[in-house]
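For reference, the structure is listed below as structure tokens.
The values are calculated or read from the model by the stated rules, or taken from the named source; none is laboratory data. Note that the structure is predicted; figures quoted are calculated from it, not measured. With ideal geometry, Cβ positions are generated from the backbone for all residues, glycine too; neighbour counts draw on all protein chains shown. Each accessible area value is taken on the protein alone, full model and side chains, heavy atoms only, with ligands, DNA and RNA left out. Shrake-Rupley method; radii C 1.70, N 1.55, O 1.52, S 1.80 Å.
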Amino acid sequence: MIDSIPKTMQPNYSYGYAKATYEKLEQYEISMQVPAIKADESIVVRLDGKGLTARFKSDIELFLPDFHLAMKRVMENIKKYFPYVTFAYSFKDEISLLINKEQIEHSKDFQNRIEKVLPLLSGYISSMFSQYIPKKLKTSPCEAFTFDARIIILPTSQLKNYFHSRQAFAMSGFIDRICSFKHLTPESRTFSNVKKALKDIGDDWFNYPQYVCSGYVGRYENEKWLVDTASDFMQKWFKYEPYLGV
């Protein structure tokens, strides 16, 4: 004789039922929301490639031009997929995007939930980079790459200092790379010392493309999204400041 299986009551599913089951849990979601943005504050989303610096580090080349070209193409196309970006700076596998907070606040897509930009931007940039990186640099045709994302809320008056700091990291990273690759041993790894060390071996810092050490800058100018090498990014900040869009 087979034991009968007791029947279970099927919930009476509806929107009201679903809403009631989640109301007790909603407090945890609210606790993760980004706080309100003040009038004198700006939003930057910074994205970092997961393990890409090590992944695209060559033992026989100082840098891989195709990697930097892929990052430039990401910068060139981000405005198509995410129009709320007003300004951008990128070096190596890092991208900082200045976001138009008013557009986000009034967009039906976001419903004033600024944290929603993180998965969207992470997804867009991860997909674009995976598409743009040449197949010859992939271990398989289907290899994909990911970028994490974080929100930075800072006073608008500190934007110049923020971007200056990011470019300082860019320069520092290339200084470390060129010292290791060329076995340079300057007294300390500073720009002036490394330039001198290169000169001592018959080389010149300015022989190398500026996008490798300076990165790329993107801005919306004359109704066009432009991406250039950021060689004069901080020296001529006044040139870029009118296009921050804040």
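Quick notes
- A count restricted to the stretch 132-151 and to residues that are surrounded by 12 or more Cβ atoms within 10 Å (Cβ to Cβ) and not basic (K, R) stands at 11.
- Residue satisfying condition, being within 19 Å of M75 (Cα to Cα), of a type in the set (A, V, I, L, M, F, W, C) and surrounded by fewer than 17 Cβ atoms within 10 Å (Cβ to Cβ), within set F169, F238, F206, F233: F169
- Enumeration of residues in the stretch 42-78 that are small (G, A, S), closer than 26 Å to I152 by Cα and modelled with pLDDT under 95: S42, G51, A54
- Test for Y211: is it modelled with pLDDT of 95 or more and either touching a helix residue (DSSP H, G or I) at 6+ places or on another chain (Cβ under 7 Å) or within 25 Å of L64 (Cβ to Cβ) (or both): no
- The number of residues in the stretch 107-134 being of a type in the set (K, R) and either within 23 Å of L64 (Cα to Cα) or without any contact (Cβ under 8 Å) to a residue 60 or more places away in the chain (or both) comes to 2.
- Condition check for F174 on (1) closer than 30 Å to I37 by Cα; (2) of a type in the set (A, V, I, L, M, F, W, C); (3) surrounded by 15 or more Cβ atoms within 10 Å (Cβ to Cβ): one failure, at (1).
- Set side by side, the residues K50, K72 differ, and just one is of a type in the set (D, E, K, R) and under 12 Å from Y216 (Cβ atoms), which is K72.
- Selection of the stretch 7-21 for residues being polar (S, T, N, Q), outside any loop (DSSP other than H, G, I, E, B) and open to solvent by 100 Å² or more (accessible area, probe 1.4 Å) yields an empty set.
- Residues located in the stretch 78-125, provided they are hydroxyl-bearing (S, T, Y) and over 10 Å from the mean Cα position of the chain (by Cα): Y81, Y84, T86, S107, Y124
- The criterion of being farther than 23 Å from N100 by Cβ, touching a helix residue (DSSP H, G or I) at 6+ places or on another chain (Cβ under 9 Å), open to solvent by 80 Å² or more (accessible area, probe 1.4 Å) and not polar (S, T, N, Q) does not hold for K24.
- Any hit, the stretch 59-66, residues being touching a residue at least 12 places away in the same chain (Cβ under 8 Å) and of a type in the set (D, E): yes
- Some residue of the stretch 213-222 being open to solvent by 50 Å² or more (accessible area, probe 1.4 Å) and over 24 Å from L62 (Cα atoms): yes
- Candidates I114, I104, I153 - the one that is at pLDDT below 95 and over 30 Å from K236 (Cβ atoms): I114
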